[in-house]
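J.: Take this structure, written in structure tokens, and hold onto it; I'll ask about it next.
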């Protein structure tokens, strides 16, 4: 019997997606560049399933029903182009290539256009899940040719996570839309993780909570508005003991966090589109700071600071940290959705922001009860300019604002860095300010570079120049954006 889909790349995510497809009734053929990995998979995790092993791309393609559907789960970059180039001569117009890796959206844009010109369909698909999530139900973000999504929709809906019976998958938009949305999802994930880490640092280093007490705090938080996958697994982490030593595993882990690039891509795209994403940026930078471990160790013995130590009511401060985490999280998501909105216009993706929040409610790493409120906010007001303007989130942040500021004051007094929580508050204060000091910046730019400025007593779009020194003359820069 011919297979419904072929999958190339049997790393852990690829394997688990195959098993998910098989469990949900799809006949799957698999191929891996290293044949031994294919054999080990078929004889191991896939034993007893209907999964077919193939040992060449020709054999894989020959095993598929027409129109043929081939999904790539290979390393982003040159590897994707290489596999696509090898597949093209084996396929025919109407067949579908699906890239399910973490490809950069601009690469996906290029591939989408090139394959359409050849008559082949293409999808760039964001697949967000833990390793277990890929097996039992990820959040899936397909972008590209809409005809290709129609061919893949039954499989995607079958394997996706379900929330209230709704599959966490939806057609995102044309060309690179799926991978762009996945990129921003991962940027928000960076922010979430850094905000949680800073909260942990305040509670542990500042208040002196031990791992058992931290576990209790995070378990309690996971019963309320902070309920989420990341809060849940954080509580589990504090409870885990190292098998060899019996010590708490968290205390044995070196404080250096790595990254694969999607957070950095998010920040770079935000800069390109002039969208403020300070919480995500701070999270990316914090991972960079963590990487200079040896320098930090040396500096810790040289640069004087205050000794962490909280003087006050612990229970009140623990609750305040939870409130600060929630408020900062709202701002982080607000930044991510603002970036998605701007990118939708810039790249003509026609993104449905409420639908994105809906499909992130299950399967993905940032899944949280919080996303139900975001979904509802966009359903009430599809053109919502910023999450902070939604009545629910406006009131939620207002009720936590004093606690948020109190936590940051305490962190500063204890010498504990909180770049992401601080960046979120700066974003909030900037967004709510009717007037910012940018008038001085523009005056400086006009003084030294004749870049001109707009006036508060004149219509927007009219530009003026002042000869500040009396020696600058009337010549201005060619472009206001210089």
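J.: In whole Å, what three semi-axes, largest first, describe the equivalent ellipsoid of region 216-361 built from its Cα gyration tensor (square root of 5 times each eigenvalue)?
T.: 32, 22, 17
J.: Now, a different point. I need the semi-axes of the equivalent ellipsoid of region 133-172: take the C-alpha gyration tensor, multiply each eigenvalue by 5, square-root it, list largest first in whole angstrom.
T.: So the equivalent ellipsoid measures 18, 9, 9 Å along its semi-axes.
J.: Now a separate question. Bin width 10 Å, origin at 0, all Cα-Cα pairs of region 325-366: what percent of pairs per bin?
T.: Pairs per bin, as whole percents: 26, 50, 23, 1.
J.: Find the Rg to Rh ratio for the chain, where Rh is the Kirkwood radius over alpha-carbon pairs and Rg uses the same atoms. Let's see the in-between values first.
T.: Details: Rg = 25.4 Å, Rh = 24.8 Å.
Radius of gyration over Kirkwood radius for the chain works out to 1.02.
J.: Classify region 234-307: rounded, prolate or oblate, from the alpha-carbon gyration tensor (a ≥ b ≥ c, eigenvalue square roots; a/c under 1.5 rounded; otherwise prolate if a/b is larger than b/c)?
T.: Values: a/c = 2.69, a/b = 1.48, b/c = 1.82.
Oblate is the answer for region 234-307, as a/c is 1.5 or above yet b/c matches or exceeds a/b.
J.: Fewest Cβ neighbours within 10 Å first, please rank 87, 436, 387, 106 accordingly.
T.: Going from sparsest to densest Cβ surroundings: 436, 106, 87, 387.
J.: Using only C-alpha positions, report the orientation-averaged shadow area of the convex hull of region 404-482, nm², one decimal.
T.: Average of the hull's projected areas for region 404-482 equals 7.9 nm².
J.: Radius of gyration and Dmax for region 278-386's Cα atoms, expressed in Å?
T.: Calculated on Cα positions, Rg and Dmax stand at 19.2, 55 Å.
J.: Using just the alpha carbons, could you tell me how many Å³ per residue the convex hull of region 442-482 encloses?
T.: Output value, Cα hull per residue: 70 Å³.
J.: Given region 1-85, what whole percent of its Cα pairs are spread farther than 19 Å? Numbers along the way, then the final one.
T.: Working: 1046 of 3570 pairs.
Summing the P(r) tail past 19 Å for region 1-85 gives 29 percent.
J.: Say R0 is 25 Å: what FRET efficiency, to the nearest 0.05, do residue 289 and residue 429 get from their beta-carbon distance?
T.: Taking R0 as 25 Å, the efficiency between residue 289 and residue 429 is 0.60.
J.: Let a ≥ b ≥ c be the square roots of the eigenvalues of the Cα gyration tensor of region 219-275; is it rounded (a/c under 1.5), or, if not, prolate (a/b larger than b/c) or oblate?
T.: On the way: a/c = 4.81, a/b = 1.62, b/c = 2.96.
Oblate.
J.: Now a separate question. Give, as ranges by residue number, the residues of region 346-377 whose backbone N falls under 19 Å from the point 7 Å along Cα→Cβ of residue 157.
T.: 352, 355-363
J.: Per residue of the chain, what 222 nm ellipticity follows from adding -39500 (n - 2.57) for every DSSP H run with n ≥ 4, rounded to the nearest 500?
T.: After summing the helix terms and dividing by the residues of the chain, the value is -16000 deg cm²/dmol.
J.: Also, quick follow-up: Could you state the principal axis extents of the C-alpha atoms in region 114-235, from the largest down, to the nearest angstrom?
T.: Per principal axis, max minus min of the Cα coordinates gives 62, 29, 22 Å.
J.: Return the inverse of the average 1/r over all pairs of distinct C-alpha atoms in region 346-464, which is the Kirkwood hydrodynamic radius, in Å to one decimal. Working shown, then result.
T.: On the way: mean 1/r = 0.0552 Å⁻¹.
Answer for region 346-464: a Kirkwood hydrodynamic radius of 18.1 Å.
J.: Sorted by average packing, counted as other Cβ atoms within 10 angstrom per residue and highest first, what order do 59-70, 413-424, 219-230 take?
T.: Result, highest mean Cβ count within 10 Å first: 413-424, 59-70, 219-230.
J.: Let me ask another. Would you kindly give the portion of the calculated P(r) for region 5-175 that falls above 26 Å, as a percent of all Cα pairs?
T.: Numbers: 2947 of 14535 pairs.
Result for the distance tail: 20 percent.
J.: Could you work out how far apart the two model spin labels at residue 90 and residue 439 are, taking each label as a point 7 Å from the Cα in the direction of the beta carbon, and quote it in nm?
T.: Distance between label points: 6.6 nm.
J.: Along the Cα→Cβ direction, 7 angstrom out, place labels at residue 313 and residue 251. What is the inter-label distance in nm?
T.: Going from the residue 313 label point to the residue 251 one covers 3.0 nm.
J.: For region 168-216 and region 1-74, what is the separation of their Cα centres, given in Å?
T.: 32 Å
J.: Something else: Tell me, how many Å apart are the Cα centres for region 434-448 and for region 393-419?
T.: Here the answer is 29 Å between Cα centres.
J.: I would also like to ask the following. Relative to the compact-globule scaling 2.2 N^0.38 Å, provide the ratio for the alpha-carbon radius of gyration of region 182-431.
T.: 1.01
J.: May I pose another question? When the convex hull of the Cα atoms of region 80-165 is projected onto a plane and the area is averaged over all directions, what value comes out in nm²?
T.: For the Cα atoms of region 80-165, the hull's average projected area reads 6.0 nm².
Quick note: the coordinates plus some simple rules give every number you see, no bench work behind them. If you're wondering where the values come from, they're calculated on a predicted model, not measured in any experiment. Neighbour counts run over all protein chains shown; Cβ positions are idealised from the backbone, glycine included.
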